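None of the figures in this text is laboratory data; all of them are computed from the coordinates on show. For clarity, every value in this text was computed on a predicted model and none was experimentally measured. Methodologically, a virtual Cβ is constructed for each residue, glycine included, from the backbone with ideal geometry; neighbour enumeration extends over all protein chains shown.
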Amino acid sequence: MSPLRSISGRSFGKLLEGFKTSTLGQGFGSGSGSGSGSGPAGSGGVEFELELNSKYHVYTEPGSFILSVPKTVSYIVVGGGGGGGSYGVSGASGGGGAGGVRYGTLELSAGTYSVEVGDGGSGGDHTASPTAGRNGTPGNYSQFATIRSEGGGGGAYYTIAGQNGASGGGSSYGGTAGTGNRIAGTTTPVPQQGYPGNGGDSWVGGGGGGAGGAALNDSTSQGDGGTGGPGLAVPGWSAATIYANAPATLQSTLTSNWNTVVSADNFTIAGGGSGGIYSGAGTVRGATPGGGGRGAKGNGAAGAGVDYTGSGGGGAENSPGGDGGKGIVMVKY
């Protein structure tokens, strides 16, 4: 009696194809099931795949996310950063607060979901009123489905209070700093997504709050300016991997600076802007983790928050405050 022969690979392949085209086998391996499922199921934003059954959607502009089947998705939603203040002539100002950062997972039904991407606020214009200065303007909110991240508060000049926002804007001369976890420019509370700014000290500006922590209390009387709060380190995401695999158009939009800043501490995003100081004072603080702008002294240029990090702009003296960085929305499954 001859031995039992196994089914060859070619024969098994024919059997499998027959099963998949049968009524019983329809949908096998198609990714059309419910729940987290497998295989691409959504469209919207800039789309790309990193490996089998892993798809990303990156939004640098408003748009829609469309699901053909129910999915459990991971998300990051970052609001726009606040602009830094500018005193005008011979004075100090606070850095802008970072936009809010919220991340996690959502179980979504098939359908269309609106996506908003918040612009950063403008830095204070020192030429608009040379002897009085201008506050930075707050950033705008970003949203994905039910998840909304607020804009950061603008930094203030002189003893004017820093603005409230996802993270609060800084003030100077010991003024009142902005509070975090608020709708920008209001006292309305929102879910945890940021931290307060700092009021600075004599002749020096305090930093804006960051998504990962409050502005540092490191300004000194007629000495050094205040450092903005750090950005938030978001687990489970890799800026370097995203940037390396993104289409060329998205790489160009994000820029290598985005990749460098966000990759510096794995995936750290939305740092607060540092404070600006009077020209007779000490040293301005540099950029903060996550992309916050550096402060300025005299006629020096304040740093802007890096776009698509939601970071705050730096405060300035006799020059414009730094603009806040634009927000971003990312979805993967």
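What do you get for the angle between helix 9-21 and the principal long axis of the chain? Use alpha-carbon atoms, 0 to 90 degrees, nearest ten. The helix 9-21 is inclined about 70 degrees to the chain. Charge dipole of segment 32-333 (Cα centre as origin; +1 on each Lys and Arg Cβ, -1 on each Asp and Glu Cβ, all else neutral): 200 debye, rounded to the nearest 20.
According to the square roots a ≥ b ≥ c of the eigenvalues of the Cα gyration tensor, what is the shape class of segment 159-227, taking rounded for a/c under 1.5, prolate for a/b larger than b/c otherwise, and oblate for the remainder? Intermediate results must be reported in sequence, preceding the final value.
Details: a/c = 4.05, a/b = 1.83, b/c = 2.21.
In terms of gyration-tensor shape, oblate.
Is any residue of segment 141-159 close enough, with backbone N under 19 Å, to a label point placed 7 angstrom from the Cα of Thr188 along the Cα-Cβ axis, and if so, which? Answer for this model: 141-154. Amide H contacts of Phe48 (H built 1.01 Å from N, in plane; Pro and chain starts excluded): Tyr56 sit under 5 Å, all sequence-distant by 5 or more or on other chains. Between the helical axis of 248-263 and the longest alpha-carbon principal axis of the chain there is an angle of about 60 degrees.
Rg/Rh for segment 86-150 (Cα atoms only, Rh after Kirkwood) is 1.23. Packing-based ranking of 315-323, 105-113, 65-73 yields 315-323, 65-73, 105-113, ordered from highest to lowest mean Cβ neighbour count within 10 Å. In segment 32-333, Cα pairs under 8 Å separated by at least six residues give a relative contact order of 22 percent. Distance from the Cα centroid of segment 62-95 to that of segment 209-230 is 20 Å (rounded to whole angstrom).
From its DSSP helices (H runs of at least four residues, each -39,500 (n - 2.57)), the chain gives a residue-normalised ellipticity at 222 nm of -3500 deg cm²/dmol.
What the Cβ-Cβ distance of Thr127 and Ser64 gives, at R0 = 41 Å and to the nearest 0.05, is a FRET efficiency of 0.55. Report, as a whole number in µm² per second, the diffusion coefficient that Stokes-Einstein gives for the chain at 25 °C and 0.890 mPa s using the Kirkwood radius over alpha carbon pairs. It diffuses with D of about 123 µm²/s by this estimate.
Using the number of other C-beta atoms within 10 angstrom as an exposure proxy, rank Asp201, Asp119 with the fewest first.
Working: Asp201 25, Asp119 20.
Ascending Cβ contact count within 10 Å gives the list Asp119, Asp201.
Ranking Pro235, Tyr195, Tyr157 by how far each Cα lies toward the positive end of the dipole of the chain (charges on Cβ) leaves Pro235 at the top.
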